[in-house]
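I have placed the structure first, in the form of structure tokens, so that the comments after it can refer back to it.
Bear in mind that the values in this text are calculations on the coordinates, not laboratory data. If you're wondering where the values come from, they're calculated on a predicted model, not measured in any experiment. Positions of Cβ are generated from backbone atoms using ideal geometry, with glycine treated the same way; all protein chains shown enter the neighbour counts.
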């Protein structure tokens, strides 16, 4: 496996984990009504960062 492919796979996996974590924070927060606004902001940032990592992995894998 080439170095670029390993880097892309790592970014894709980290992005997926960030998205899943952000969505889990949101779901738990909605279910318990105990999450402050900061928690939802953090969850949203994780989803945005995870999406960016997955996009970066897709772009770098093409080249």
*Label point distance in nm, residue 51-residue 13, each placed 7 Å from Cα along Cα→Cβ*: 2.5 nm
*Relative to the longest principal Cα axis of the chain, at what angle does helix 3-32 sit, 0 to 90 degrees, rounded to 10?*
10 degrees
_Relative packing of peptides 5-18, 31-44 - highest average C-beta neighbours within 10 Å first_ = 5-18, 31-44
_Just want to confirm a number: the relative contact order over the chain, from Cα pairs under 8 angstrom separated by 6+ residues, in percent._
52 percent
*Helix axis angle, 37-62 relative to the chain longest principal axis, alpha carbon, degrees*: 10 degrees
